[in-house]
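One structure is given below, encoded as structure tokens.
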Amino acid sequence: MKYIVGIAGREIEVEVDGDRVTVIGSTRTASLRSIPGTTSRQLVLDGRPTGLTMRSAGRGQWSVETRGDRWEVEVLDERTRHIRGLTAGSARQRGPKTLRAPMPGLVVRVLVETGHAVTAGAGLVVLEAMKMENELKAPATGVVRAVRVEAGQAVEKGQELVEFE
Amino acid sequence: MKRVLVANRGEIALRVIRACREEGLEAVAVYSAADRAAAHVRAADQAVEIGGAPPSESYLRIDRLIRAALDTGADAIHPGYGFLAERAAFAEAVEQAGLIFVGPPAAAIRAMGDKTEARRRMRDAGVPVVPGAHEPVTDLAAARSLAEELGYPVLVKAAAGGGGKGMRVVHRQEELGPALESAASEARKAFGDASVYLEKLIERPRHVEIQILADRERTIHIGERECSIQRRHQKLVEESPSSAVNGELREWMGSAAVAAAEAVAYLGAGTCEFLLAADRSFYFLEMNTRIQVEHPVTELVYGVDLVREQLRIAAGEPMRVPAGWLEPRGWALECRITSEDPANGFLPSTGRIEQLRVPGGPGVRWDGGVDAGDEVTLYYDSLLAKLIVWAPDRLQAIDRMARALDELVVDGVGTNQGFHRRLMADAAFREGDLDIQFLERRPDLATPALTDREAVALAVAAALAEDEARSLRRPSVSNGDHINPHWLNRARLEGLR
């Protein structure tokens, strides 16, 4: 089976055939084993071992961690990739953007109001977690549509804080 | 002294329990509802639940800690660092209950705890201090004129502060108001005291601190630690000795620190923090009247167990450090492994630690506070463990740290491990060209990077994992000779649905 793997802005074709893989035109031996008693796996590619932990989020989405760095990896077969290519245009929607809480915490201050124009990098909400205040910044220039939280409110990870366009 | 209650959690609680064991003392752990199965609880001889998960309901409850000590027959309380370690009221309450406080007298904590008062005393004792106000800021207009007088940039600091909380750098007048407000609000939350003061910002200084140890006979310094690798005033990497300090400067700074400690009749282990400018002038910042997070680097180069010395001194015995000249031997380096994910803007990461593989081998020390299976919550500090190495010189220590970081596996919560790996490989860091703004100039160290070869390896691993996951989902229908035709038929019907 041939897969197209997206990782860190690169696209790498990997054809899997038993204990052999063909990647960027060259065929190599490869195995992926679980390390007993741990959550780790070990990849051996042409005799070169790499320790990894991997979690699947389904639909070919993998989170792969090695030596403390985590990478979000997408593994698609050719057919899915083709279909994805046909529908990608319509899937990219225009519309309001939202600032979400990157972690659970407590809203200390809201720095903007509905109707405010903000520039990319401007502080929107100050969120406290682990006794540190973290200023969450606008990811892009725009106008605040709605403020969904107020000072003193506890928020969950991923919760909508500010909507803007 | 036979039994010590450890009024803390995490790695420092475990560190103190270990020291108690080696001193032949029993250790009593305390824990909140969130820490019932925590590593420090498992390590102690006895353990007492003292309240709910928020520190204000447990680790900050003086009454419950003293009750727990009396109930378990403990005769001393070790506060660790953070929580109540620098609250004079706690030291007093411990003594009033007839118990020994493992730390300095309450009066010394109080004198050094009020940063404004401490600076005044230090100036009087001849210890150099950074120019600035000696009074808390009361209104914006006064703060503005003071800032003009000192010249921008200025630093806003919490009077009751420490650990970088309630601290802001202000470059321009218009930033002063918001900085005062947010520093005061952070200070109120962290220390229950919103007062802040202003001082001149010394540009590109190093953070160099002197370890102090005092018993009833003498006060000595045990060399310096360099802690310039900081992010938002939180130390991330510490080392001893410092590449900026030679024997002569060490004695100057050491004598200033000893003078500072003697000025408040200090007892036990403490640390004087200094800013060291490029011209080798140095300024007293504050004294931390407790054991410091980064104490192990001093222990490794001076061969002194600071926590055991604290216990001995608290028991009324003299320190075991011989009188006379102390020389650092080799180089020690510490990386704080925190549950902060650099790839996510250093935001705290929570969850269960699914796996923990601790580095080992020559010259490696792991002072940890968590085990596999433990939950990392938002209630407490993000420090999971300290990875410390010793080697004959600085570059060998850095290489050893890089090797140890490669061995470390923490699965389940994001950590700053990758950041530390990149720092160890960084040319400027290896040169020893440090100052406290080092990390501000180097946001790239927080960002993971992949070589082509690593990208190929990860892509192959992901493809193999996906292939395996699919083959487990797929009903394996081969050419079917040995398969019951009835089941084959079922499978075909399922497939047609």
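Of the listed residues B:L472, B:L356, the order by accessible area with a 1.4 Å probe, largest first, is B:L472, B:L356.
The C-alpha atoms of chain B define a longest principal axis, and helix B:173-191 lies at about 80 degrees to it.
Considering only protein heavy atoms and a probe of 1.4 Å, how much of the accessible area of segment B:213-330 is carbon and sulfur, as a whole percent?
Details: 1930 of 3840 Å².
Carbon and sulfur atoms account for 50 percent of the accessible area of segment B:213-330.
Need the per-residue list for segment B:420-462: every residue with at least 30 Å² less accessible surface in the complex of protein chains than in the chain by itself, probe 1.4 Å, sorted by number. Residues meeting the cut-off: B:R421, B:P448, B:L450, B:R453, B:A455, B:V456, B:A457, B:L458, B:A459, B:V460, B:A461, B:A462. Helix A:78-91 and the long axis of chain A differ in direction by around 20°, with both axes built from C-alpha atoms. As a size descriptor, the averaged projected area of the C-alpha convex hull of the protein assembly as shown was calculated at 35.0 nm². Only Cα sites of segment A:2-93 enter the Debye sum here, all with the same form factor; the resulting log10 I(q)/I(0) across q = 0.19 1/Å is -1.04, listed in q order. Counting, for every residue in B:346-352, the Cβ atoms of other protein chains within 10 Å of its Cβ and taking the mean gives 4.
Quick one: dipole size for the protein assembly as shown, taken about the Cα centre, charges +1 on Lys/Arg Cβ and -1 on Asp/Glu Cβ, in debye to the nearest 20.
Values: 85 positive and 95 negative charges, 317 e Å.
It works out to roughly 1520 debye.
Residues of segment A:54-75 that lose at least 50 Å² of accessible area (1.4 Å probe, protein heavy atoms only) when the other protein chains are present, relative to their chain alone, are A:W62, A:R67, A:D69, A:R70, A:W71. Treating each Cα of segment B:374-435 as an identical point scatterer and summing with the Debye formula, the log10 of I(q)/I(0) at q = 0.16, 0.18, 0.21, 0.22 Å⁻¹ comes to -0.62, -0.74, -0.91, -0.97. The accessible area of A:T29, taken with all protein chains in place and a 1.4 Å probe, comes to roughly 60 Å².
What FRET efficiency, computed as 1/(1 + (r/R0)^6) with R0 = 25 Å and r the Cβ-Cβ distance, is obtained for A:E15 and B:T451, rounded to the nearest 0.05?
Values: r = 22 Å, r/R0 = 0.89.
Efficiency, rounded to the nearest 0.05: 0.65.
Relative to the longest principal axis of the Cα atoms of chain B, the long axis of helix B:62-71 lies at roughly 80 degrees.
Given a 1.4 Å probe, how much area per residue of segment A:95-164 is accessible, in Å²?
On the way: 3300 Å² over 70 residues.
I get 47 Å² per residue for segment A:95-164.
The residues of chain B have, on average, 40 Å² of accessible surface per residue, using a 1.4 Å probe with all protein chains present.
Scaling the Cα radius of gyration of segment B:1-128 by the globular reference 2.2 N^0.38 Å produces a ratio of 1.11.
Quick one: accessible area per residue over segment A:2-93, 1.4 Å probe, rounded to a whole number of Å²? Intermediate results must be reported in sequence, preceding the final value.
Working: 5570 Å² over 92 residues.
Accessible area per residue, segment A:2-93: 61 Å².
Using a probe of 1.4 Å, the accessible surface attributed to B:Y380 totals some 10 Å² when neighbouring protein chains are kept in position.
The order of B:T289, A:T22, B:T451 by accessible area, most exposed first and with a 1.4 Å probe, is B:T451, A:T22, B:T289. Candidates A:T50, A:A129, A:H116 compared by Cα position along the dipole of chain A: farthest toward the positive end lies A:T50, with charges placed on Cβ.
Candidates B:G52, B:S228, B:T338 compared by Cα position along the dipole of chain B: farthest toward the positive end lies B:G52, with charges placed on Cβ.
Place +1 on the Cβ of every Lys and Arg and -1 on the Cβ of every Asp and Glu in segment A:95-164, take the dipole about the Cα centre, and give the residue among A:A140, A:G152, A:A101 whose Cα lies farthest towards its positive end. Working it through, the farthest residue towards the positive pole turns out to be A:A140. Charges were assigned to the Cβ only: +1 to each Lys and Arg, -1 to each Asp and Glu. The resulting dipole of chain B about its Cα centre is roughly 720 debye.
Placing R0 at 60 angstrom, the Cβ-Cβ distance between B:A469 and B:A265 gives a FRET efficiency of 0.35 after rounding to 0.05.
Counting lysine pairs in chain A whose alpha carbons fall under 30 angstrom apart, excluding pairs fewer than 8 residues apart on the same chain, gives 5.
For chain B, the Kirkwood hydrodynamic radius comes to 24.5 Å, computed from all pairs of different C-alpha atoms.
The B:D124 and B:R218 beta-carbon pair, evaluated with R₀ = 35 Å, returns a calculated FRET efficiency of approximately 0.95. Simple point charges give the picture: +1 on the Cβ of Lys and Arg, -1 on the Cβ of Asp and Glu, and for segment A:95-164 a dipole about the Cα centre of about 160 debye.
Leaving ligands and nucleic acids aside, the A/B contact buries around 4700 square angstrom of accessible area in total at a 1.4 Å probe radius.
So what is the relative contact order of segment A:1-157, in percent, for Cα pairs below 8 Å that sit 6 or more residues apart?
Numbers: 283 pairs, mean separation 23.9, N = 157.
Worked out over segment A:1-157, it gives 15 percent.
Note on B:D71 and B:A33: their simple-model spin labels are 1.6 nm apart, each label 7 Å out from Cα toward Cβ. Under the simplified labelling scheme, the B:R490-B:L395 pair shows an inter-label distance of 6.9 nm, with each label point 7 Å from Cα along Cα→Cβ.
Across segment B:452-458, coupling constants 3J(HN,Hα) worked out from phi with the 6.51/-1.76/1.60 Karplus curve, θ = phi - 60°, read 4, 5, 5, 4, 5, 4, 5 Hz, and Gly and Pro carry x.
Measuring nothing but protein heavy atoms, the accessible surface of segment B:381-482 at 1.4 Å probe radius is 51 percent carbon and sulfur.
The values are calculated or read from the model by the stated rules, or taken from the named source; none is laboratory data. Predicted model, so just to flag it, every value in this text is computed and none were measured. A quick note on method: Cβ atoms are made from the backbone with ideal geometry, for glycine too, and the neighbour counts reach across all protein chains shown. Surface areas here come from the heavy atoms of the whole protein model, side chains and all, with no ligands, DNA or RNA. Shrake-Rupley method; radii C 1.70, N 1.55, O 1.52, S 1.80 Å.
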